[in-house]
Amino acid sequence: MSQLSDTFTINTPQTPAAASALVAHASQNSYFMSGATRTYEARRLTLLKLRAALRKHEPLLLEALQKDLRKHPHESYMTEIGFIYDELHHVIQGLKSWMKPRKVSTPLSLQPGSSMIIPEALGRVLVIAPWNYPLQLAINPVIGALAAGNVVTLKPSELTPHVSAALALMVRESFEPALFHIVEGGVDVSECLLAEKWDHIFFTGSTAVGKIVAVAAAKQLAPVTLELGGKSPCIVTKSANIELAARRIVFGKVLNAGQTCVAPDYLLVEKGAEQDLIKAMRREIELRYGSNPLENPDMPRIVSDRHFQRLTKLMDPKYIVAGGRTDASQLLIEPTLFLNFPIDHPLMQEELFGPLLPILTYDKIEDAIRLITERDHPLALYIFSEDKDEQESVIRGTRFGGGAINDTIMHLANANLPFGGVGASGHGNYHGVSSFECFVHHKSVLKTSTFIDLPFRYAPWTPLKNKLIRLFLR
Ligand code: NAD
C-alpha cells in the first residue's frame, strides 16, 4: 500500500503518467486545504499567469493546432486562443464581484438575524477534454475552476498529441502541480483519474464516454458537468434570407471540417426552398474554399483514420447533391450535401461530426418541430426565418442546449450566455459568470442574535406556541 493511501483510496497506476497524476492528486488536496486559493488576489494572479503563459506559447500552440488538425492560424485564433483570451478577460473583470458573499433577507421568525450566501470553492476539480477544439475546450473550464478557487487536474485528448504536448509544456513551466496539474494520456489514464476522489468532474466529449464518467462520478457522489454532443438541427423556412442562410450554414458546418459539437448536423428545409438553398450553398462553398476544397491548404482535416473511415462509409453517392470527394492520404473530406435519403438512413442516426450535411424537407413548421422533439434534445438548434411567429414556435416548441436565430455557432461568442446541453446533450453549463458558478458551492449561513431566543420552537408544545407558529408559517 502506498503511503498516500491514508488520505484517499489509491488505485494502481498502469503508466508513469497515471502514477504522477496520483502523486499530484494528493499534493493538490493539501494545497487546497492550506487556503492558498482562497483570496481574490491569489486567484487573479493565477488567471494573469495563465494569460501570460498562453501569450508566451501562442506560436507553439498555433503550430500544434496546425499539425493536429490542419487548422489555419486565423481559424485557430478565432475559435481557440482568441476565444480563451476573451473568456479570461471576462472572468478577470467579473471575479471580484462574483466572489463576494451575498446578503439575502431574513424572515421575521428568525429576527433579529442576518443571512448570507458564500460562493465557496469545491476543492479538487478534474477536467477531461476532447480533441476537436483541443485547446479551448481544455483551458476554458480550467479558467472557471481556478477563478472559483479550486485546484485543477487537466487531461487533454490523446488524439491531438501536439496540442497535448504544448499544453503540458506550458502548464508545467508556469504552475505548481499542486495548483494546476496536467496529465497526458489516453483512456487508461482517464480511467485511473476517474477512480480517484474529486470534488467536481468536468467532462467534454461523446455521450457514450459521458455515461462512463457519470457512473464514476456517481460512485463517489462527485458533482459532474457533462458537455456532450448530439445531432443539432438547423431549420430553414421559405421566409429566410436564403443567401445569408447558405453563407452562415456553410460557415458553421465547414469550420474545423464540421468537427464542432454545435455545428448544424442536419438541415430541415421547408419544401420548395431546398433547391435554391442547395445552389446557394454550392456557390458559397466554392467562394470560400475553391472549386476543389481538397486542394485548399486551409481546409482542416479529419482527426484520425478511424473517424475518416466512419464518415466516408456514410457518403452514399446516390444521395449526394454537392461535393463528395475525399483524400484518404491527407484525411480530407470535401463539404458534402445529401438529399432524398430515407429518414432512417445512418446519416440521420449518429452525430456526424464531419463536413457532411444531410438535408430533409418538411411541409409545415409543426412537422419540423415534431421531428426534433421525437429525438434526443440536441446541444444546439438554429432557425433561419424572417417570420417572428415561426422563430417563436421553434424556439419555444423544442428543447435544446442553446442556439441562434438566423445564425449558426455564434451564440458561443457571447460570454454572457451560459453554454451547455440538456438531456442527452449533457448537463451543467459554463462560460463567463456561469463558469464561476459551475465550480462553486453556495454555502448558506444564518447568523442569529443571542439576546433574544423566541420560545415557540422549543417543546413542550402549548396552544399559545401553536398559535404563534401558525402566525409565522402560513
Ligand atoms: P470522447 O468521449 O471519445 O473523448 C473525450 C475524452 O474522454 C478524451 O480525453 C478521452 O481520452 C477520454 N476518454 C475516452 N474514452 C474514455 C473512457 N472509456 N473512459 C474514460 N475516459 C475516456 O470524445 P471526443 O471524440 O474527444 O470528442 C467528440 C465528442 O465530444 C462529440 O460527441 C462532440 O459532440 C462532443 N463535444 C462536445 C462539446 C460540448 O461542449 N458540449 C464540445 C466538443 C465536443
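The values are calculated or read from the model by the stated rules, or taken from the named source; none is laboratory data. Worth saying up front: this structure is predicted, and the values here are computed from it rather than measured. All Cβ positions, even for glycine, are placed from backbone atoms using ideal geometry, and neighbour counts span all protein chains on display. Quick note on the areas: whole protein, heavy atoms, side chains included, nothing else; ligands and nucleic acids left out. Shrake-Rupley method; radii C 1.70, N 1.55, O 1.52, S 1.80 Å.
All but one of (1) within 18 Å of the chain's Cα centre (by Cα); (2) within 9 Å of the ligand (Cβ to nearest atom); (3) among the charged types (D, E, K, R) hold for E191, so report the exception by its number.
Going through the list (1) within 18 Å of the chain's Cα centre (by Cα); (2) within 9 Å of the ligand (Cβ to nearest atom); (3) among the charged types (D, E, K, R), E191 breaks only (1).
Within the stretch 251-284, count every residue that is away from the ligand (no atom under 16 Å from the Cβ), open to solvent by less than 10 Å² (accessible area, probe 1.4 Å) and part of a helix (DSSP H, G or I).
Final tally of qualifying residues: 5.
T15: closer than 30 Å to P119 by Cβ, of a type outside the set (D, E) and either at pLDDT below 70 or surrounded by 14 or more Cβ atoms within 10 Å (Cβ to Cβ) (or both), yes or no? Break it down into steps so the answer makes sense when it comes.
Numbers: closer than 30 Å to P119 by Cβ: no; of a type outside the set (D, E): yes; either at pLDDT below 70 or surrounded by 14 or more Cβ atoms within 10 Å (Cβ to Cβ) (or both): yes.
So T15 fails the test.
So which residues in the stretch 420-441 are within 11 Å of the ligand (Cβ to nearest atom) and either of a type outside the set (A, V, I, L, M, F, W, C) or surrounded by 23 or more Cβ atoms within 10 Å (Cβ to Cβ) (or both), if there are any at all?
G420, G421, S425, G426, H427, G428, N429, Y430, H431, listed by residue number.
Return the residue satisfying two criteria in turn: it lies in the stretch 444-474 and is of a type in the set (F, W, Y) and free of Cβ contacts under 8 Å to residues at least 24 places away in the same chain, and of such residues it is surrounded by the most Cβ atoms within 10 Å (Cβ to Cβ).
From the stretch 444-474, those of a type in the set (F, W, Y) are 451, 456, 458, 461, 472; that's our starting set.
If we keep only those that are free of Cβ contacts under 8 Å to residues at least 24 places away in the same chain too, we end up with 456, 458, 461.
Working: F456: 16, Y458: 9, W461: 11.
Ranking the qualifying residues of the stretch 444-474, first place goes to F456.
Among the acidic types (D, E), part of a loop (DSSP other than H, G, I, E, B), over 15 Å from C438 (Cβ atoms) and away from the ligand (no atom under 16 Å from the Cβ): does that describe E184? Explain how you work it out, then say what you get.
Details: among the acidic types (D, E): yes; part of a loop (DSSP other than H, G, I, E, B): yes; over 15 Å from C438 (Cβ atoms): yes; away from the ligand (no atom under 16 Å from the Cβ): no.
Judged against the criteria, E184 is not a match.
Identify all residues within the stretch 294-311 that are in a helix (DSSP H, G or I) and either open to solvent by 40 Å² or more (accessible area, probe 1.4 Å) or within 15 Å of the ligand (Cβ to nearest atom) (or both); write none if there are none.
Keep residues of the stretch 294-311 that are in a helix (DSSP H, G or I), which gives 294-295, 305-311.
E295, D305, R306, H307, F308, Q309, R310, L311, listed by residue number.
Consider V127 carefully, then state whether it is more than 26 Å from I302 (Cβ to Cβ), open to solvent by less than 40 Å² (accessible area, probe 1.4 Å) and within 16 Å of the ligand (Cβ to nearest atom).
Values: more than 26 Å from I302 (Cβ to Cβ): no; open to solvent by less than 40 Å² (accessible area, probe 1.4 Å): yes; within 16 Å of the ligand (Cβ to nearest atom): yes.
Here the answer is no, as V127 does not meet what is asked.
If A216 satisfies all but one of (1) within 22 Å of L379 (Cα to Cα); (2) modelled with pLDDT of 95 or more; (3) within 10 Å of the ligand (Cβ to nearest atom), what's the number of the condition it fails?
Result: A216 fails condition (1) only.
Can you tell me which residue within the stretch 354-374, out of those that are surrounded by fewer than 23 Cβ atoms within 10 Å (Cβ to Cβ) and in a loop (DSSP other than H, G, I, E, B), is nearest to the chain's Cα centre (by Cα)?
So the residue we want is E374.
List pairs: first in the stretch 67-86 and open to solvent by 40 Å² or more (accessible area, probe 1.4 Å), second at pLDDT below 95 and among the aliphatic types (A, V, I, L, M), Cβ under 7 Å, 6+ apart or cross-chain?
D86/A415
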